[in-house]
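To start, the structure under review is shown below, and the notes come after it.
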Amino acid sequence: MYDNVITMCWSIKEVNKNLQDRESMAYYSIEYLKKACLDLSEMLTSGKNVSLDEEVEVVNRSGSSAKFTIGEVAEMLKDTKKIIEFNLIDHVDQWARSKASFPQ
């Protein structure tokens, strides 16, 4: 499950990074990002080995640190403003890598 989360995070970051390079594809890229974040949210809440009460530390744009449960993070992945404000994709990626069975 963690491998799938890591792959999804990588995909979201790559599409987001290349969004400005593909003007004609912008609509499709934005729709992909929305769906991918919803899929990532579902992955987190349906994971067999995931405790929704486990906390993840996130840092917002201003540098303030906060802790949210995986359940809260999964909900925030449905809100574009929260994804950007808390840099959620990077934090979910780091969390999944810390749980994965392969080295970072």
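Read the figures in this text as sums done on the coordinates, not as results from a lab. Small disclaimer: the values here were computed from a predicted structure and weren't measured. Note: ideal-geometry Cβ built from the backbone for every residue, glycine included; neighbour counts use all protein chains shown.
For LYS48 and ASP3 in the same chain, what is the full-extension length gain: residue separation times 0.36 nm, less their Cα-Cα distance, in nm? Don't skip to the end; give the middle numbers.
Numbers: separation 45, 0.36 × 45 = 16.20 nm, distance 1.35 nm.
Using 0.36 nm per residue and subtracting the Cα-Cα distance, I get 14.9 nm.
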Give me P(r) over the range 38-91, computed from all C-alpha to C-alpha distances, binned every 5 Å, as integer percentages. 5, 21, 32, 26, 12, 4, 1
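Taking the Cα centre of the chain as origin and charging only Cβ (+1 Lys, Arg; -1 Asp, Glu), how large is the dipole, in debye to the nearest 20?
On the way: 13 positive and 17 negative charges, 28 e Å.
Around 140 debye, computed over the chain.
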Could you give the nm distance between label points at SER65 and GLU31, where each point is 7 Å from its Cα heading toward the beta carbon? 4.2 nm
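Okay, helix-only estimate at 222 nm for the chain: each DSSP H run of n ≥ 4 adds -39500 (n - 2.57), divide by all residues, round to 500 deg cm²/dmol; what do you get? Mind showing how you got there, number by number?
Details: 5 runs with 63 residues, N = 104.
Roughly -19000 deg cm²/dmol at 222 nm, from the helical runs in the chain.
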Anchor LYS34: lysines whose Cα lies under 16 Å away (excluding residues fewer than 8 positions away in-chain): LYS13, LYS17, LYS78, LYS81, LYS82
Restricting to DSSP loop positions (anything but H, G, I, E, B) with no more than 14 other Cβ atoms inside 10 Å of their own Cβ, which trypsin sites (Lys or Arg not before Pro) remain in the range 51-104? ARG61, LYS78
Compute the long axis of helix 88-99 from its Cα atoms, compare it with the longest principal axis of the Cα atoms of the chain, and write down the angle in degrees, 0 to 90, nearest 10. 40 degrees
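Please list the equivalent ellipsoid semi-axes of the range 2-99, computed as the square roots of five times the alpha-carbon gyration tensor eigenvalues, in descending order and whole angstrom. Please report the intermediate quantities before stating the final value.
On the way: eigenvalues 104, 48, 26 Å².
Value: 23, 15, 11 Å, ordered largest first.
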